[in-house]
Amino acid sequence: AVTTFPLRLLSSSLSVALLNGVGIDVVRVGTMIRPAHSTAYVLDVADACSGLQSVIAITALTAAYANCTQRGWWRQWLLFLASVPLAMAGNTARITTVAVVAETAGVGAAMRIYHDFSGYVVFAVAILLMISLGELLRRDWRHAGPRREAA
């Protein structure tokens with residue numbers, strides 16, 4: 001719990017910011033997320049939802065991906081070190097989408113139907129971000145200027 005509590009706070013804080021950013025008025029109380037002006041639902045980011053397991057899995061996957069796709073040790077290390085923020089982005093997306101489902105379809109649908117399958121959101125988001133960052137690192141920025149049309 002000592003390791004997971006800061007991750008729970010970070011994920012819930014980021015999710016609240018995203019939700020408020022898209023017009024869903026919520027507040028965070030500790031690691032709980034609830035509507036700002038009602039008691040329709042309360043979502044608690046529990047230890048199991050902290051993202052720690054995702055961090056471990058995404059870190060291992062990113063290490064292998066960086067080793068296979070990146071030239072140069074600094075690119076490999078940069079991509080590898082980005083694995084923790086990538087996993088946290090995925091976990092934040094999961095928590096945010098659970099809250100969106102609770103807001104739109106009710107807490108029952110969010111917790112009984114969507115929650116158990118939403119773990120895939122973590123990996124989909126993290127892998128897409130990992131590949132995108134890997135492609136940016138592989139790009140030859142010296143020749144990335146605007147292209148001139150042949151006369």
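Considering only Ser13, Thr3, Gly134, and ranking their Cα positions along the charge dipole of region 1-140 that arises from unit charges at the beta-carbon of Lys, Arg, Asp and Glu, the one farthest toward the positive end is Gly134.
Counting only alpha carbon atoms, the long axis of helix 83-105 and the longest principal axis of the chain meet at about 40°. Rounded to the nearest Hz, the phi-derived 3J(HN,Hα) couplings of region 50-65 under the Karplus curve 6.51 cos²θ - 1.76 cosθ + 1.60 (θ = phi - 60°) are 5, x, 4, 5, 5, 4, 5, 5, 5, 4, 5, 5, 5, 4, 5, 4, where x marks glycine and proline.
For region 3-151, the dipole from Cβ point charges (+1 on Lys and Arg, -1 on Asp and Glu) about the Cα centre works out to 540 debye, to the nearest 20.
Mean sequence separation of contacting Cα pairs (under 8 Å, at least six apart), scaled by the length of the chain, corresponds to a relative contact order of 22 percent. In a reduced charge model with +1 at each Lys and Arg Cβ and -1 at each Asp and Glu Cβ, region 92-146 shows a dipole moment near 160 debye about its Cα centre. Each of Ala109, Cys68, Met32 was scored by the projection of its Cα onto the charge dipole of region 2-122, and the greatest displacement toward the positive side belongs to Cys68; charges sit on the C-beta of Lys, Arg, Asp and Glu.
Note on Arg112 and Ser13: their simple-model spin labels are 3.5 nm apart, each label 7 Å out from Cα toward Cβ. Among Met111, Met130, the order of accessible area from largest down is Met111, Met130, computed with a 1.4 Å probe on protein heavy atoms. Label separation (Ile127 vs Arg71): 2.7 nm, computed from points 7 Å beyond Cα along the C-beta direction.
In order along region 7-18, phi translates into HN-Hα couplings of 5, 5, 5, 5, 4, 5, 5, 5, 5, 4, 4, 5 Hz, rounded to whole numbers, per the Karplus curve 6.51 cos²θ - 1.76 cosθ + 1.60 with θ = phi - 60° and x for Gly and Pro.
Close amide H partners of Val26, meaning residues 5 or more places away or on another chain with modelled amide H under 5 Å apart, are Asn20, Ala36.
Taking amide H as placed 1.01 Å from N in the peptide plane, Ile33 has its amide H under 5 Å from the amide H of Leu43, Asp44, Val45, each at least 5 places away in sequence or on another chain.
The values are calculated or read from the model by the stated rules, or taken from the named source; none is laboratory data. Since the model is a prediction, treat every value here as computed from it, not as a measurement. Positions of Cβ are generated from backbone atoms using ideal geometry, with glycine treated the same way; all protein chains shown enter the neighbour counts. Each accessible area value is taken on the protein alone, full model and side chains, heavy atoms only, with ligands, DNA and RNA left out. Shrake-Rupley method; radii C 1.70, N 1.55, O 1.52, S 1.80 Å.
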